[in-house]
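Contents: one structure, followed by commentary.
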Amino acid sequence: MSGYDKARRRARTVFVTAALAPALLLPTTAARAAQAADRTAAPHAAAQVGLLKTTSSAADPAAANPWIVSLGDSYISGEAGRWAGNTNRSSTETDALGPTAYYDNPTNTGELIPFCHRSKSAEIHIGGGVDSLNLACSGARTSTFTDSDGDFKPGLDFYNSGGHQGQALMLENFAKTHHVTMVAVSIGGNDFGFGDIVTACVEDFLESTPIRTYYCKDDPAVTGRFSPANVALVTSHITQALLNVRLAMARAGYPDSSYKILLQDYPAPLPYGSAFRYSQSGYTRQSTGGCGMWNDDVDWALNTAMPHVSAAEFDAAARSGLSNIVKLDISSAFNTRRLCQNTVGLLEEKGLNSWREPGAVDKTEWINQIRVVTVGTPYFQQESLHPNYWGQLALRNCVRQAYDNGAVRGGSCVMSGTGLDTRGEPNMALTDTTVLAGVNSSGRLYAKQGLYSTNWSDLAQSIRHVAVASDPVHGAVIAALDTSGNVWVKSGGLHVAWVREAVGCDQVAVATDPVHGVLLAVRLTNGSAWAKQGLANGWVHERDGVSQISVATDFAHGPLIGVLDNQHVAWAKEGGLSANWVRQSAGVYQIAVAANPLRGPLIAVIGGGSAAWAKEGSLSANWVREADNVAQITDASDAVHGPLLAILDTRKVLWAKQGSLTGPWVQEYDNVAEAAVATDPTHGPLISTVDTARAWRAKQGGLSTSWVYQLGEITQASVGS
């Protein structure tokens, strides 16, 4: 779109607004007046720097009571935590905390820093004998600034001027006199311009006409925020913010080993376009639902923008070099409870009159509506598109499980059931998505979750091959091929029941992602390949004359299938089970595929002369020659760590590389019989090796980390994460 077109449609804003209900569009006089009303209505505390404890004070750093502290932006400060669900009727129906929801001064009469919105429902307040302090601030970036309304926004730095302090300095001062055991951090969204992006997307939805549709996904001012240069810049800022946390704690006398930094990403606030309960025709999506965005824009945000933000956060953790960072993945925490999702509704749409009614937590949204004009109401515009009361309590449950009585652990947090637990919080589960499964020399199948776990489950017997996959929503997925040619699958954990999916098979492959679900593929003994995505769906005949099959899937691109035919030609397809096959290469003897939501497909093959080749980004990308004298190749990829390749050479030496197809190889292990790999944004690379003595080892987190012995007498193993 030209600059002239952009300027012209901005000028039309007033006409669009006049034609709609008065609570719709952002850049109007009414909206600006509402912002002013919001600000004059909220009490300003006289002191803008201070600390509010949630329970009794700790005496000194050696005190018995541990403290946990939150730093960062609105997604951890508790923004929107006052409201339980959404309604277009009286605000009293969803008002869970009342007008003092964001007050955090010692007398509960105002905010220590106006508009930081540190709510009483904020996730950091886990209770149970653990004291907590919320230093986060709505609107915060990595560095301190004052916004266009004159409101102070402390960053994760040591700013100290005019009575204002940065969050790192506040942490340092607090930690000197309190026993801090964990610092929870959420930062980076505002460095990417979260608010401006939402504004642009809503404007584009409302300003489109029957003859011209405007998309924020096509706006250079929006997409430019996710250019490689800007992503690298923001990543460096987040890295420095994390180093500032360490410096603050070091100045307060804490060695790295004495506390953990819990770094969380962001929950997806909206569903994919196909799962909205309001049509994108007309204006109902915004005027009723408060979610005025085009399907294509929402899909772009979920598939491109948010993965870039999460990748920047977790990449920054790696670049910081800090050994005490633990990662909390909450990207799928609000699945089925997102704003305008067709699985939930407004109170009035669900026949509810109050957030207190039984079942309200399961029938209503956990994300606050986009309210762009709030004059005459108790709402704030800055509450828009943030986790509400239910969402905050769900995240609190996640943080409590991550804290784990001081033995802080990471993982992915998702809903584990309906209703509320005994604390009045939504039921959530923090799980380690790492899955390891191996078949021993007697055909018994053993599996576990977590690299360091010793809780092996004896799952089956008479098994000749196993394939595993995992994602935060569907959990562990195990596909087993027995000695009679039956394929059995269990999805959702190690202890769910087996389901027989196919008969007459001699190969099985499996993958999964949070959006498309489980992708299962088999090769029948007659050489035909079949696949299904979603275990409840039917089988699709993919190809005949197949000698090998490999699969992958990611939430942005959907299924990726690679096959090797009987003529040694490699083929691949992406995006759907009925997509067209694309010829990859001839003279191929082995194929492996992997999927990455940001970088696209990864395909690796062994060709003539035992040479290994790989390509990334598209099915038509150029091949890169990786190595010679290769006996086995396997691959994986994720949005943070990039492509992971592992090869077993003809001398039985295992080599691996991650991050680039042109990077150096790292020698991993000798006397290897077979290898398997996986990778994910939270844990990084996972490499499995079975040696020639049938000893199974694995490592996770980096190519140079230590190997961990798993089991003996293993003939074949698979890993997923």
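Some values worked out for this structure:
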| item | result |
| --- | --- |
| Extension reserve of the Val503-Lys176 stretch, reckoned as 0.36 nm per residue once the Cα distance is removed | 111.2 nm |
| Relative contact order [Cα under 8 Å, 6+ residues apart], the chain, whole percent | 9 |
| FRET efficiency, Thr454 to Val496 (Cβ-Cβ, R0 35 Å, nearest 0.05) | 0.95 |
| For the range 320-388 and the range 85-114, distance of Cα centres in Å | 15 |
| Label assignment, Kirkwood radius over Cα pairs in Å derived from the structure, set (i) 30.6; (ii) 26.8; (iii) 38.5 | (ii) |
| Stretchable slack from Ser610 to Ala229, in nm (0.36 nm times residue separation minus alpha-carbon distance) | 133.4 nm |
| For the range 615-708, size of Cβ-based charge dipole, Lys and Arg +1, Asp and Glu -1, in debye | 120 |
| Ranked Arg543, Arg651, Arg523, criterion: other C-beta atoms within 10 Å, fewest first | Arg651, Arg543, Arg523 |
| Cβ-based charge dipole, the chain, positive-most Cα from Ala511, Pro271, Ser287 | Ser287 |
| Kirkwood Rh, angstrom, the range 3-431 [1 / mean 1/r, Cα pairs] | 21.8 |
| Nonlocal amide H pairs with Thr715, under 5 Å, H built at 1.01 Å | Val439, Asn440, Ser441 |
| Where labels lie 7 Å past Cα in the beta-carbon direction, separation of Ser90 and Arg356 in nm | 1.2 |
| Cα centroid separation - the range 170-198 against the range 456-525, whole Å | 41 |
| For the chain, calculated [θ]222 nm from helices alone, where every DSSP H run of n ≥ 4 adds -39500 (n - 2.57) | -5000 deg cm²/dmol |
| Dipole moment magnitude, nearest 20 debye, the range 3-431 about Cα centre, only Lys, Arg, Asp, Glu C-beta charged | 120 |
| log₁₀ of I(q)/I(0) at q = 0.12, 0.15, 0.17 Å⁻¹ - the range 435-720, Debye sum with one point per alpha carbon | -0.68, -1.14, -1.56 |
| Hits among lysines - C-alpha to C-alpha of Lys176 under 22 Å, sequence gap 8 or more where chains match | Lys53, Lys260 |
| Residue (of Gly376, Val399, His125) at the positive-pole extreme of the chain, dipole from beta-carbon charges | Gly376 |
| Dipole magnitude of the chain, debye to nearest 20 (Cβ charges: Lys/Arg +1, Asp/Glu -1, about Cα centre) | 180 |
| ³J(HN,Hα) computed for each position of the range 715-721 - Karplus, 6.51 cos²θ - 1.76 cosθ + 1.60, integer Hz, glycine/proline x | 9, 7, 9, 9, 9, x, 7 |
| Partners for Lys363 among lysines (Cα-Cα distance below 21 Å; same-chain residues under 8 apart left out) | Lys350 |
| Binned Cα-Cα distance frequencies in the range 656-709 - 10 Å width, integer % | 24, 55, 20, 1 |
| Sequence of His117, His179 once ranked by neighbouring C-beta atoms within 10 Å, starting from the fewest | His179, His117 |
| Ranked Trp665, Trp355, criterion: other C-beta atoms within 10 Å, fewest first | Trp665, Trp355 |
| Top positive-direction residue, dipole computed over the chain with Cβ charges, set Gly642, Gly195, Ser578 | Gly195 |
| Alpha carbon centroid spacing (whole Å) that separates the range 642-712 from the range 528-549 | 29 |
| Share antiparallel - DSSP beta bridges, the range 3-431, percent rounded to 5 | 40 |
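Laboratory data are not the source of any read-out in this text; all were calculated from the coordinates shown. Just so we're clear, the structure is a prediction, and the values are computed from it rather than from any experiment. FYI the Cβ positions are ideal-geometry reconstructions off the backbone, even for glycines, and counts take in every protein chain you see.
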